[in-house]
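Below: the structure, in structure tokens.
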Amino acid sequence: MARLLHVGNNYNNGLNANNNLNNNGQFLGMTRTAKTIFMQEDNKLWIELCSYNNLELAFLKARKRKTKKLYVKKFEKNLIQNLLDLKEELLLQTYSPSPLTTFILRDPKTRKISKSEFRDRIIHHALVNLLEPIFEKSFIYDSYANRKGKGTSKALQRFEYFKRQVSMNNTAPCFILKEDIKHYFEEVDHEVLLKIIQKKIKDKNVICLIKRILVNGAGRSGGGRTTKGMPLGNLTSQFFANVYLNEFDNFIKRRLQIKHYIRYVDDFVILDSSKQKLEETLGEIKSFLMKKLKLELHPDKTRILAIPRGLDFIGFRNFPNHKLLRKRNIRKINQKISNYANGKLVFSQIMNYFIGWKGFAELGNTFKRRRNILKVIYKTKFQNQNPHFS
């Protein structure tokens, strides 16, 4: 059974505008000629997604750590009306995301980052607010990227635990299959992704919104849009990355019955006492990724190593009894200090960067490194303030 929704373009000013809305978005005001649309009874997820409360929560998440940005202040200045406008666009199916702003980041690896307009980021948060609880139930324990209560620290702790288990506290052989998917975000197939999503999401309006977001962020080939790719930088891309590879996670854990497996985005490891078993597993992994997800492993980043040689994983070189920062991570902080010395950064900026870097570096055996870098920062500060002593 369908029901009618009345949607108007003009609303009461102030907080009373929100009081005219119930959580299902059944009445949005009719101070101008109202438009009428039909909503199916099975569209509860869509109605909840479009609700003012959800959009307001999405706004709060989108502005986190960005409250001083001019585009945030501009949107917030007329917050209620802006959110109601977004709500109306969604309900009337007139919402269309703006073209992405793209820039190149060399950090040190060259990556293309695409940035959405702020109002589009609100929509992304509104969508993920509803989808995340649904899909989170199906995610495996040992997937650690872009999930609440997970992250790099937890992944490294789990890696240490698995390493001790397999090696029997470094008394037995331990081999690691280290793998990386080739151009992962560029190669995500939209058709495959939508089929995965539609196993759990039946609401056609939600699926339509997802399609619009995917098409807007897709790569281009031969002057036209492609049906592949998700932009680095979008919240939806991070979330869909986990949804897509959850199929692979479940293949590893349930079909292959592999216990010691950890994934962080498209970077994953399998630990075992048998090198031969890992070699056999590699063939099955390649076949599944190609047939089911249309993905390939990176030929230069897929290898089987014995743990004493050290393994690059989540920003560290991991050895049997210690972890060291990657050289590129050290080069990066040294470059920031150089920028500070040259006047490109002020003291508060370099210290904010150092505090963030220190939080990550503390996960490894880096006490002397952290102490020495802090000394260099303060030495540079003294020289900046007293140049005739330098």
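The values are calculated or read from the model by the stated rules, or taken from the named source; none is laboratory data. Here the structure is a predicted model, which means the values were calculated and not measured. As a convention, Cβ positions derive from the backbone with ideal geometry for all residues, glycine included, and neighbour counts pool all protein chains shown. The area values use the complete protein model at the heavy-atom level, side chains included, leaving out ligands, DNA and RNA. Shrake-Rupley method; radii C 1.70, N 1.55, O 1.52, S 1.80 Å.
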Problem set entry | Per residue value of the accessible surface for segment 273-333 (all protein chains in place, 1.4 Å probe), Å² | 58 Å²
Exercise. Going through segment 105-146, which trypsin sites (Lys or Arg not before Pro) have at most 13 other Cβ atoms within 10 Å and a DSSP loop state?
Worked result: Lys109, Lys137
For this session: At 7 Å along the Cα-to-beta-carbon direction for both Gln257 and Ile140, put a label point, then send me their distance in nm to one decimal.
Result: 1.5 nm
Problem set entry | Carbon plus sulfur fraction of accessible area for segment 68-125, probe 1.4 Å, in percent | 53 percent
Exercise. Residues in segment 110-154 near a label at Lys69, defined as backbone nitrogen under 17 Å from the 7 Å Cα→Cβ point?
Worked result: 113-128
For this session: Just list whichever of Lys178/Lys292; Lys154/Lys301; Lys64/Lys253; Lys61/Lys182 have alpha carbons separated by over 27 Å in the model shown.
Result: Lys64/Lys253; Lys61/Lys182
Exercise. Taking the Cβ-Cβ separation of Phe347 and Met290 as r and a Förster radius of 45 Å, what is the calculated FRET efficiency to the nearest 0.05?
Worked result: 0.30
Problem set entry | Cα centroid separation, segment 68-106 to segment 235-308 (Å) | 37 Å
Problem set entry | Between segment 321-347 and segment 171-223, the Cα center-to-center distance that results, in Å | 33 Å
Problem set entry | Highest average packing first - 195-202, 311-318, Cβ atoms within 10 Å | 311-318, 195-202
For this session: Would you please name the chymotrypsin sites (Phe, Trp or Tyr not before Pro) within segment 82-142 that are DSSP coil residues with at most 16 other C-beta atoms within 10 Å of their C-beta?
Result: Tyr141
Exercise. Between Ser274 and Phe367, how many nm apart are label points set 7 Å from Cα along the C-beta direction?
Worked result: 4.2 nm
Problem set entry | Charged-residue dipole, Cβ positions (Lys, Arg, Asp, Glu), segment 140-291 about Cα centre, Debye nearest 20 | 560 debye
